[in-house]
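Taking it in order: structure first as structure tokens, then the write-up.
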């Protein structure tokens with residue numbers, strides 16, 4: 001049986017919504033872009049909760065009036081049934097909206113794709129995955145920026161790092177892409193295979209919430225920065241100067257290398273963005289593991305080293321092994337049609353959270 005909606009918590013959120021709305025109406029707040037952006041994100045998070053609560057209150061009021069009318073005229077019974085169903089739907093929606101939120105859901109993302117075992121075929125598959133995410137971002141109206149890219153002679157990628165950002169204050173980039181991290185496996189006949197045999201190879205995907213400067217303060221004295229000549233196919237102009245940068249965060253041993261840009265300064269700035277994201281993810285992971293009472297869903301606790309998805313070209317099939325999702329539109333998925341599989345993962349996540357709250 002579902003737990004009743006916590007009216008006390010809802011009242012707190014309604015009061016917070018009113019405060020945020022008032023703050024955003026003050027022109028002076030927009031002089032501080034960081035503060036305005038934070039308030040805008042919070043307003044976007046609270047708006048659907050308040051809308052659902054207001055609609056539930058209205059429908060409950062109408063239902064009470066309809067029940068009184070039924071006593072006088074049974075013809076209103078159908079209306080009561082419809083309103084009762086709507087109340088149940090709204091309560092379910094509101095209960096879901098009030099679930100504990102991932103603190104990173106409003107953040108943008110740093111996404112890395114790396115070729116794994118499988119040689120050239122793995123690098124080609126990594127390039128396919130990269131294109132899939134770029135197409136998905138395009139479908140969502142997000143912007144992408146390539147921070148680093150190590151191509152191969154055959155058109156694959158050894159590794160690539162991109163930043164994915166929303167144009168809106170209520171970014172859903174992390175909320176949608178956070179499930180993509182892990183090992184992705186491909187089953188197909190490689191272009192280099194003369195016997196027509198199906199090969200299996202894999203590529204790794206790492207998704208990190210992009211950290212803002214205020215979240216991760218990096219002491220320049222904790223960094224060792226080395227410069228070197230970029231490597232890449234074809235003797236491109238990027239290789240003629242010592243423009244590549246390797247940043248080592250000495251306290252943690254975290255290393256980030258960037259060579260995509262011709263400018264050493266640009267590579268350094270891109271490297272620092274990735275470093276901040278990695279340090280933020282490590283700090284959050286440590287905090288979560290230390291909190292014994294932290295709620296973790298089945299999806300979020302999946303070991304990132306495990307295989308999460310298989311792309312079978314012969315059957316045009318995509319299978320996500322975490323939630324048993326299976327579809328036969330692989331060609332469309334690789335062109336960016338990822339919503340169905342992401343929706344399945346989101347539902348599994350929410351179901352696990354709902355089950356956790358209902359059992360308390």
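Short-range pairs are left out: with C-alpha atoms under 8 Å and at least six residues apart, the relative contact order of the chain is 15 percent.
Highest GNM mean-square fluctuation among 259, 187, 286, for the chain modelled with Cα contacts below 10 Å: 286. Both radii are taken from the alpha-carbon atoms of the chain; with Rh as the Kirkwood radius, Rg/Rh is 1.05. Note on segment 109-162: Cα-only Rg and Dmax are 11.1, 34 Å.
Overall dimensions of segment 7-97, expressed as equivalent-ellipsoid semi-axes from the Cα gyration tensor (√(5λ), whole Å, largest first), are 38, 12, 9.
Computed from Cα atoms, the angle from the helix 264-290 axis to the main principal axis of the chain rounds to 50 degrees.
Report note on the peptides 143-154, 216-227: ranked by the mean count of other C-beta atoms within 10 Å, highest first, their order is 143-154, 216-227. Across segment 7-97, C-alpha contacts under 8 Å between residues 6 or more apart give a mean separation that, scaled by the residue count, equals a relative contact order of 26 percent. Between segment 158-183 and segment 1-79, the C-alpha centres lie 29 angstrom from each other. With the highest mean first, a sort of the peptides 30-39, 327-336 on other beta-carbon atoms found within 10 angstrom per residue produces 327-336, 30-39. Per residue, how big is the convex hull around the C-alpha atoms of segment 173-225? Give it to me in cubic angstrom, could you? Considering the Cα atoms of segment 173-225, their hull volume per residue is 152 Å³. What Kirkwood radius, in Å to one decimal, follows from the Cα pairs of segment 20-65? Answer for segment 20-65: a Kirkwood hydrodynamic radius of 12.2 Å. Just checking the listed ones, 348, 127, 160: in the Gaussian network model of the chain with Cα springs under 10 Å, the one fluctuating most is 348.
Since every read-out is calculated from the coordinates, none of them should be taken as a lab result. Here the structure is a predicted model, which means the values were calculated and not measured. Neighbour counts run over all protein chains shown; Cβ positions are idealised from the backbone, glycine included.
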